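Note sheet for the following structure.
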Amino acid sequence: MTRTYVVTGSASGIGATTAALLRDRGERVVGIDLRGAEVEADLSTPDGRRDAAVRATELAGGTIDAVIACAGISAPIPATISVNFFGVTELLDHLRPALVGSPAPRVAVVSSMASLQPHSGEMVEAALRGDETEALRIAEELTAQGPEVGYLVYPSSKRALARWVRRQSITPEWAGAGIPLNAVAPGTVLTPMTAGLLETPEGRAMVDAAVPMPLNGHQPPESIANLLIWLTGVENTHMAGQVIYDDGGADVSLRGDDIWSWND
C-alpha cells in the first residue's frame, strides 16, 4: 500500500536522496525546502513552519503516514539553531494531527554525531524549554566571537534535537498515539554541506580528527536515507527515542565500549 511521506530538506543532500529512494519505491512524497520542492518554505521562522505544515498537509490530502526531517544547516550563524532544532520540533508539532490519522504513523529526524561534541549547555536548555528568543540570543553571542566559537551553535542544535527526541518519544502525544519517534546521527556524509570542508587535505584531516570513521570512511547519503526509510516503515513498531549513530564507528571511537557504567 502506498504511503505518504513528508520529507524536509528534500532539494539536496540526505533529504533529496531519501525523497528519490522513496519515489523509486512507489511512495508518495511531499518535499519541503527553501526552493525546488512541492512546498517552498523557510523553516527558520515560526510563520514558515506553520505555513509549511498547512501546505504539506493539504497536499497529502489531510493524512500523513511518515515525516522524515532532514533539513538542516551547519554554518556558524544564529539561524542554525532555528532551522536545526525549532525548524524540526515545531514543524512536527504542527504535522502531528495529520500523522494521527494514519494507520501506521512514523517519524525520523536527522541529528548528528556532532551531538557528542563540545556545545553550549545554556543554548540546549533554552531550546528544550521552547525559548527560541533566548536560544538565538546565546547563538548571537557565540557567533560574534568568530567562526570557531560560533561553530558551537551546530553541535548544540543537534544535542538539543537528540534530547528532544528522547524526551518526547515516550509521551502520550507520540508513543501514546502510536507514533515511533527516532533520530539518526550521521558521521561525515558526502553532500554539498560537507564538500567545502573535504576539498583540501587540511580540511579532510581536520574533519577526520573530529569524526573518526574506521568503517568505510566518509559515507554516501544513501547510507543514512535507507535507515531513515526503515525507521519510518510499517516494520518499525517498537523503536522509540533512539538516536542511532550511523557514523562509520565515530561514536564508538570517541566514547569507547562502556556507555553503561554511569548507572552502576
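Where a ≥ b ≥ c are the square roots of the eigenvalues of the C-alpha gyration tensor, would you call the range 1-64 rounded, which needs a/c under 1.5, or, failing that, prolate if a/b is larger than b/c, or oblate? Don't skip to the answer; put the middle values down first.
On the way: a/c = 2.83, a/b = 1.30, b/c = 2.17.
Because a/c hits 1.5 or more and a/b fails to exceed b/c, the range 1-64 counts as oblate.
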In percent, what relative contact order does the chain have, based on Cα pairs under 8 Å that are 6 or more apart in sequence? 20
What's the angle, to the nearest 10 degrees (0 to 90), between helix 13-24's Cα axis and the longest principal axis of the chain? 30
Under-5 Å amide H pairs with ALA185, H placed in peptide plane, nonlocal only: SER111, ILE244, TYR245, ASP246
Please give the contour-minus-distance gain from ASN263 to GLU58: 0.36 nm per residue of separation, less the Cα-Cα distance, rounded to one decimal in nm. 69.1 nm
Overall Cα dimensions of the range 156-264 - principal axes, largest extent first, Å: 49, 36, 24
At what distance in angstrom do the alpha carbon centres of the range 28-64 and the range 223-264 lie from each other? 28
Using a Gaussian network model of the chain with C-alpha springs under 10 Å, which one of ARG106, ARG50, ARG137 is most mobile by mean-square fluctuation? ARG137
Counting all C-alpha pairs of the range 168-221, share separated by more than 19 Å (%): 45
Which longest run of the chain has no exposed loop site in it, a site being GluC sites (Glu not before Pro) in a DSSP loop with at most 16 other beta carbons within 10 Å, and the site itself not part of the run? 1-172
Go ahead and set up a Gaussian network model of the chain, Cα springs under 10 Å, then flag whichever of ASN182, ASN236, ASN216 fluctuates most. ASN216
Ordered by residue, what ³J(HN,Hα) values in Hz, to whole numbers, does the range 251-264 give under the Karplus form 6.51 cos²θ - 1.76 cosθ + 1.60, where θ = phi - 60° and Gly and Pro are x? 4, 5, 4, 8, 9, x, 7, 10, 10, 10, 5, 4, 9, 6
Counting only protein heavy atoms and leaving out ligands, DNA and RNA, the solvent-accessible surface of SER253 at a 1.4 Å probe, in Å² to the nearest 10, equals 60
Taking the chain and counting helices only, DSSP H stretches of n ≥ 4 at -39,500 (n - 2.57) each over all residues, the nearest-500 ellipticity at 222 nm comes to -13000 deg cm²/dmol
If I compute solvent accessible area with a 1.4 Å probe over the protein chains, what percent of it on the range 96-168 is carbon and sulfur? 50
Label zone at VAL234 (point 7 Å along Cα-to-Cβ), backbone N below 18 Å, the range 50-67: 63-67
If the elastic network links every pair of Cα atoms under 10 Å, which of PRO186, PRO201, PRO172 fluctuates the most in the Gaussian network model of the chain? PRO201
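The values are calculated or read from the model by the stated rules, or taken from the named source; none is laboratory data. Nothing here was measured: the structure is a model prediction, and the numbers come from that model. Cβ coordinates were reconstructed from backbone atoms using ideal geometry, including for glycine residues, and neighbour counts include every protein chain displayed. Surface accessibility is based on the protein's heavy atoms, side chains included, excluding ligands, DNA and RNA. Shrake-Rupley method; radii C 1.70, N 1.55, O 1.52, S 1.80 Å.
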